[in-house]
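A short reminder: the numbers here are calculations on the coordinates, not readings from a lab. Treat the numbers as computed from the prediction; the structure is a model and nothing was measured. Note: ideal-geometry Cβ built from the backbone for every residue, glycine included; neighbour counts use all protein chains shown.
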Amino acid sequence: MTTRSAVVRLTGEAKQWRERNQVENEYGAEPGRSVEHAAPPEVTLANLEDPLLETMDPESGRPKHVIECRGLSLSFGQSRILSEVSVKFQRGTITALIGPTGSGKSTFLRTLNRMNDKVRDFHHEGAVHLNGDDIWSSAQNLLSLRRRVGMLFQRPNPFPMSIKDNVVAGVKAHRIAKGKQLDVVAEQRLIEVGLWEAVRDRLDDSPFRLSGGQQQLLCLARALATGPEVLLLDEPTSALDPVSTEFVEALLRGLAPALSMVVVTHNLGQARRISHNTMFLYGGRLVEHGPTASLFEHPFDPQTERYVSGRMG
Amino acid sequence: MDRNRGRRLWELAFRLGAILALALVVGPAAWLLVGVVAKAAPHWRWSVLFTPTTGASGGLANAITGTVVLMAGVLIVAGTLGVLGGIYLAELAPARRGGKQGSSVLRLATDVLSGVPSITLGFVVYIALVLGLHWGFSLAPAVVVLSVMVIPYIARSTESALAQVPTGYREGAEALGMSPGYALRKIVVRTALPGIVTGLLIALAISSGETAPLLYTAGFTNSFPQPHLIHTPVAYLTYPVWTFYNYPSNEAHTLANDAALILVVLVLILLIGARLITNRAERYSEGTGR
């Protein structure tokens, strides 16, 4: 199995491999053939030879890539936000989504759990697959899709109800547990996000008495309570102080093996600290996608290089 | 003449104007309250609350219960329709078709209705229901006319209370996979409840103080409200205020003053009750949390 934390310094072969896939991606993926655009953390000769081998996870029997986008284009009315993005998110990893404001990061992120569907004049082309199933297919239940693909917002948004009710809000909505079980769920999740000790004596209090960082952790606990496979995070720490930010980052890293995450961030340091892979979006196009360390240290594209070195954005 | 002095003078004039305006608003209200209490208090008898009217004397028990029944009727009819209408306009009306148009139709309706003297509404209902459908002076036409008056108001206050629910709550609910109806019930309406309740309360206060439309629809009776929607008149508190005051007997004047005091107290109870509900609903809100 691949290890998630290991990031491989690119060897000559690996660089060639990435260049080859970059070219393939520009012409679009052929049907039935998987383009390994997302370089796995371990680049070995075996999977260079045959990327198809990598599409199934032998342990879980599920597709190795939790989310796969094929030729995804998004637009609101006449203005096109995202063009022809094909990308795969590897199970159990954190992917950072970087790019200047207006590059389509948030729109892309909110498309993955179909939060844009109701937006006026929103239009999409291409496909997004979650575990191999089209998220827009009629067989897909929108509510259960969102249970499996959770979301954390830029500003903490606890509901105006008690702290405990906040944690179990989604659990109640999906009838995953009831009665006494709810207390157990609340405790487990609050422990998981490291908030239990701080709030155990005031579970019936208003969440707005908590600090901003604690509120965001509460929202994280709420999102985790429904047992999602994927968590989408839209600048989760940009409203938080540095200490809370560090805490949240450590937490996210710890969640990684069990949970796949996509994090939009303007904080390049954060992308480097927490993510396994990084996607660079610019002007609605996916410019580059690869292991975080190599994208930052040996960017393939000159635009990426300008952005990650701070000369743009 | 330096500019500073001119500015200070202007500032002073502005302050004085504001204080004057406040006095003009608060003064009459306070005068009214004091007047009502001062006229009713000296010869107040508690028995007024428990004895029904006989002619222009006796007590007001029939009118008190009648007003309470009328308000309950308005709460049920206008409250349900108004709140549901407001929820529809704010949340469910498709943005492209109904949304904008629906609320502008509602706004028009509110403006027109608030411009129509309530006595006109009373007359219309009198012709249409009391005479037209032979309902007679009774509970149903009275509730109808009061409801017609306040439904647009309730719908509008509900709509604006819902519009003020932060987007973050809605998005959070949506992202957790709550169905729109569930999110509406558990998150959105609950958050907007203080605003909705306040709107309902003001609507009730308006309807409890109405006289003109009730003269045309409710009639008056010495007996307690009966469990009949039509053909049976209902007593109400504004009737003695309006009618008994012109009677020559002292006893009638006393009853008129008592009725005014009871009405004021009733509205006060409504206000306090709504305040309590609002506080309870707001115990987890962002404003009081900090």
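Here are a few things to note about the model shown:
- Ascending count of other beta-carbon atoms within 10 Å, so fewest first, for A:Cys219, A:Cys69: A:Cys69, A:Cys219
- When the Cα convex hull of the range B:62-283 is projected onto planes of every orientation, the mean area is 13.9 nm².
- For the range B:175-290, alpha-carbon Rg and Dmax in angstrom: 20.5, 70
- Residues of type lysines that A:Lys164 reaches as a straight line, Cα spacing below 26 Å, ignoring anything fewer than 8 places off in the same chain: A:Lys172, A:Lys178, A:Lys180, B:Lys186
- Cα shape, the range B:216-258, gyration tensor, a/c 1.5 rule: prolate
- Selected from B:Val145, B:Ser179, B:Ala203, residue furthest toward positive end of dipole (the range B:62-283; charges at beta carbon): B:Ser179
- Among complete DSSP H helices in chain B, those whose alpha-carbon atoms stretch at least 30 Å along the helix's long axis and whose mean Kyte-Doolittle hydropathy reaches -0.5 are B:3-40, B:139-163, B:250-281.
- A straight Cα-to-Cα reach below 16 Å connects A:Lys105 with the lysines A:Lys88, residues fewer than 8 places away in its own chain not being considered.
- GNM result for chain B, Cα springs below 10 Å: residue of B:Gly35, B:Gly58, B:Gly82 fluctuating most strongly: B:Gly35
- In units of the rule-of-thumb radius 2.2 N^0.38 Å, the range B:18-80 shows an alpha carbon radius of gyration of 1.62.
- Neighbourhood net charge (13 Å Cβ-Cβ; Lys/Arg +1, Asp/Glu -1) for A:Arg80: -2
- Long-range HN-HN contacts of A:Ala96 with modeled amide H, under 5 Å: A:Val263, A:His276, A:Asn277, A:Thr278, A:Met279
- Directionally averaged projected area (convex hull, Cα atoms, the range A:188-262), nm²: 5.0
- Each residue of the range A:205-245 gets 75 Å³ once the volume of the Cα convex hull is shared out per residue.
- Here the protein assembly as shown carries DSSP beta bridges of which approximately 60% are antiparallel, counting only pairs with both residues inside.
- Applying the Kirkwood pairwise sum to the alpha-carbon positions of the protein assembly as shown produces a hydrodynamic radius of 29.1 angstrom.
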